[in-house]
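Taken together, the values in this text are just the output of simple stated rules run on the coordinates, not laboratory data. Since this is a predicted model, take the numbers as computed values, not measurements. Because the Cβ atoms are built from the backbone with ideal geometry, glycine has one as well, and the counts that use them run over all protein chains shown.
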Amino acid sequence: MRKPFIAGNWKMNKTVAEALELVNAVKGPLADYPGVTQAVCTPFTALAAVSEALKGSTVKVGAQNMYWEDSGAYTGEVSPVMLKELVDYVIIGHSERRAYFGETDETVNKKIKAALAHGLKPIVAVGESLEQNQAGETEAFVSGQVKAGFEGITAEQAKGIVVAYEPIWAIGTGLAATPEDANRIIGQVVRATLATIYGDAVAQAMIIQYGGSMKPSNVKELMEQPEIDGGLIGGASLKAEDFITLVRVSAEVRGL
Ligand code: PGA
């Protein structure tokens, strides 16, 4: 049985004080659901304070990005060596980074390898645009992103990688993919592609989240889908009550 994983992606939101307020509000209630892996991916500026505040809790901490070199003259960047003091997870290749900050499948692949080399667990985001979706290109595009992102990564390493399928048109729009569509793309495209590379046993063991307007009103039907192992949550992760609901409902749906 795959353990469901609910991760908040706070994006560029919350000061250190606001971040502490949020994690202090969720950590008590979330302790009731150890059957669900829980994480908050905060801005870099809040990571030190948040990781300190969450010590000993069930909530893990993640970053939203990193560079692939260990150190050096890369003004403004943050390395895996720096992050591993503070976090367990790092989101890599979020569609906003691909769209606004020039990330490509190649940089995503370098970052995944660098994260793994330092013991960080990557959450690798893939997903198609509205145009690609409407043109019937979703399957080929998402499968291509998975293949390129995992280039040169071993089966043993792949088992420790989380994939988040996030259709770009569903992110921040309030308009989630239908549970059936999300389930189909995750199972028949993302997991199936991983199975062609690593074999079925490895692909079946890997955690694949859905992301894109997952919220209290749709989490139950999404989590009822067998291929959806959790969510990467933007907007709804910024409110304590909503985030707790997402974790609670995920636990209930899976009988955990
Ligand atoms: P959303 O964002 O939940 O606000 O749609 C999800 C994401 O971008 O990870």
For V50, V189, which order do you get if you count the other beta carbons within 10 Å of each Cβ and list the fewest first?
V189, V50
Under 8 Å for C-alpha pairs, at least 6 residues apart: give me the relative contact order for the chain, rounded to a whole percent.
22
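What pairs in K121/K239; K113/K215; K27/K147; K11/K55 have C-alpha atoms more than 29 Å from each other?
Values: K121/K239 25 Å; K113/K215 31 Å; K27/K147 36 Å; K11/K55 22 Å.
Over 29 Å Cα-Cα: K113/K215; K27/K147.
Using just the helices of the chain, give the 222 nm mean residue ellipticity in deg cm²/dmol: DSSP H runs with n ≥ 4 each add -39,500 (n - 2.57), and the total is spread over all residues, rounded to 500. Numbers along the way, then the final one.
Numbers: 13 runs with 107 residues, N = 256.
The helix-only estimate for the chain comes to -11500 deg cm²/dmol at 222 nm.
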For K84, the aspartates and glutamates lying under 18 Å Cα to Cα, once residues fewer than eight places off in the same chain are dropped, come out as E52, E69, D70
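How do L130, L116 rank when sorted from fewest to most other Cβ atoms within 10 Å of their own Cβ?
L130, L116
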Dipole moment magnitude, nearest 20 debye, the chain about Cα centre, only Lys, Arg, Asp, Glu C-beta charged
540
